[in-house]
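The structure appears below as structure tokens.
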Amino acid sequence: MHMSRFAALALAALVPLIACAQAIPTVELKGQRYRIEIAEDDASRAHGLMDRTHMDDDHGMLFVFQDDAPRAFWMKNTKIPLDMLYFDADRRLVSVQHNVPPCVADPCPAYSSGAPARYVLELNAGQAEKLGVSSGDELIVHR
């Protein structure tokens with residue numbers, strides 16, 4: 001009797017941990033999964049990955065907008081080179097900016113989507129090429 005009660009208590013203690021582990025948002029692209037931070041308000045989108053000196057290879061940031069529009073991103077105060085992948089409302093890849101370098105002096109250039117986009121995924125430079133992404137590839141978002 002004590003053993004089953006102990007097992008029940010142990011399981012009850014683990015449930016929040018399991019739920020928390022599953023709550024980490026991820027995206028999947030071409031079969032590769034990335035842990036992501038989500039920027040979906042003006043403040044978090046404006047700050048983005050500024051001041052980061054490192055990002056794990058399996059990590060990224062997903063920018064979420066409320067509408068489809070041409071997007072332009074810059075690298076002011078961003079210290080690591082990035083790939084910028086632009087997706088439409090259906091989460092289909094519309095364009096990629098490869099190996100975008102950090103901006104070291106103003107004015108910082110803007111990197112355009114070239115087409116309407118609703119989502120922008122920033123990954124470490126070289127990841128898009130490594131995955132072999134192409135127009136129309138689907139981004140799967142797990143929240």
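The values are calculated or read from the model by the stated rules, or taken from the named source; none is laboratory data. Since this is a predicted model, take the numbers as computed values, not measurements. With ideal geometry, Cβ positions are generated from the backbone for all residues, glycine too; neighbour counts draw on all protein chains shown.
If you filter segment 15-27 down to residues that are modelled with pLDDT of 95 or more and not in a loop (DSSP other than H, G, I, E, B), you find that the one that is surrounded by the fewest Cβ atoms within 10 Å (Cβ to Cβ) is Thr26.
Annotation: of all residues in segment 28-43 being part of a loop (DSSP other than H, G, I, E, B) and not small (Gly, Ala, Ser), the one that is nearest to the chain's Cα centre (by Cα) is Glu40.
Applying the condition of being modelled with pLDDT of 95 or more and aliphatic (A, V, I, L, M) to segment 98-114 and asking which residue is surrounded by the fewest Cβ atoms within 10 Å (Cβ to Cβ) yields Ala110.
Residues that are in contact with an Asp or Glu (Cβ under 8 Å, 6 or more places away or on another chain), assigned to a loop (DSSP other than H, G, I, E, B) and not small (Gly, Ala, Ser) occur in segment 91-112; there is at least one.
Looking at segment 50-72, which of its residues are of a type in the set (A, V, I, L, M, F, W, C) and more than 11 Å from Leu123 (Cβ to Cβ)? Matches in segment 50-72: Met50, Phe63, Val64, Phe65, Ala69, Ala72.
Applying the set (1) of a type outside the set (D, E, K, R); (2) over 16 Å from the mean Cα position of the chain (by Cα); (3) modelled with pLDDT of 95 or more; (4) assigned to a loop (DSSP other than H, G, I, E, B) to Val133 leaves exactly one unmet item: (2). Taken over segment 44-71, the criterion of being in a strand (DSSP E or B), surrounded by 13 or more Cβ atoms within 10 Å (Cβ to Cβ) and of a type in the set (A, V, I, L, M) is satisfied by Met61, Leu62, Val64. Go through segment 125-137 and report how many residues are touching a residue at least 60 places away in the same chain (Cβ under 8 Å) and not small (Gly, Ala, Ser). Matching residues across segment 125-137 total 4.
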